[in-house]
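Take a look at the structure below.
The values are calculated or read from the model by the stated rules, or taken from the named source; none is laboratory data. Being a predicted model, the structure only gives us computed values, none of them experimental. We place every Cβ from the backbone using ideal geometry, glycine too, and count neighbours over all the protein chains shown.
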Amino acid sequence: MNKLLFMLAVISQQPAGRVVSSAVVSLVAWDVSEASRVPSGLLVAITEHESGFNYRAKRGPCCGLGQVDHRYSAFTCAEMRSDVQVGILSSAIAIKTWRKHTDSWHDALACYSTGNSCEGTSYADTVVSLWKKI
């Protein structure tokens with residue numbers, strides 16, 4: 001799949017109000033994926049689930065497209081909320097770190113969601129389901 005087909009696959013799954021933001025996220029995710037070796041579809045699925053493609057999202061200490069806790073990131077909350085690439089890159093770094101300590105992307109997603117406890121599969125199941133639709 002090339003970058004354009006990937007973007008079209010992502011936006012075809014979105015309601016009208018999310019087409020532009022999902023297109024931007026898909027293009028940036030493709031580039032971040034190539035650099036980080038985290039699947040681009042996984043990055044888009046995390047972004048869709050965590051923030052609905054809203055790069056300004058913030059809940060508690062978690063910020064940006066992937067709702068990464070800024071206390072455990074190389075980026076500040078302001079950086080993650082103002083730059084789409086930084087928002088997706090912070091997610092890629094976090095999920096790749098968890099992947100190094102787990103057996104699968106699914107298990108890494110459980111840790112991404114719950115931190116060191118890595119408990120529960122509901123979040124991981126939802127994100128993997130979104131990933132498979134792309």
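The table that follows gives values for the structure above.
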{"item": "In segment 82-97, residue surrounded by the most Cβ atoms within 10 Å (Cβ to Cβ) [restricted to those that are out of contact with any helix residue (DSSP H, G or I) (no Cβ under 7 Å at 6 or more places or on another chain) and more than 19 Å from residue 108 (Cα to Cα)]", "result": "83"}
{"item": "Selected residue (criterion: farthest from residue 45 (Cα to Cα)) from residues of segment 106-134 that are of a type in the set (S, T, N, Q) and under 14 Å from the mean Cα position of the chain (by Cα)", "result": "113"}
{"item": "Counted residues, segment 100-118 - those being touching a residue at least 24 places away in the same chain (Cβ under 8 Å) and more than 21 Å from residue 61 (Cβ to Cβ)", "result": "1"}
{"item": "Of the criteria (1) modelled with pLDDT under 95; (2) in a helix (DSSP H, G or I); (3) surrounded by 15 or more Cβ atoms within 10 Å (Cβ to Cβ), which one residue 41 fails", "result": "(1)"}
{"item": "Residues located in segment 44-59, provided they are surrounded by fewer than 14 Cβ atoms within 10 Å (Cβ to Cβ) and either of a type in the set (Val, Ile, Thr) or modelled with pLDDT under 95 (or both)", "result": "56"}
{"item": "Qualifying residue in segment 102-119 (condition: at positive phi and not acidic (Asp, Glu))", "result": "yes"}
{"item": "Test set (1) within 16 Å of residue 80 (Cβ to Cβ); (2) surrounded by fewer than 23 Cβ atoms within 10 Å (Cβ to Cβ) - residue 6 fails condition number", "result": "(1)"}
{"item": "Subset tally (residues that are part of a helix (DSSP H, G or I) and surrounded by fewer than 21 Cβ atoms within 10 Å (Cβ to Cβ)) for segment 112-130", "result": "11"}
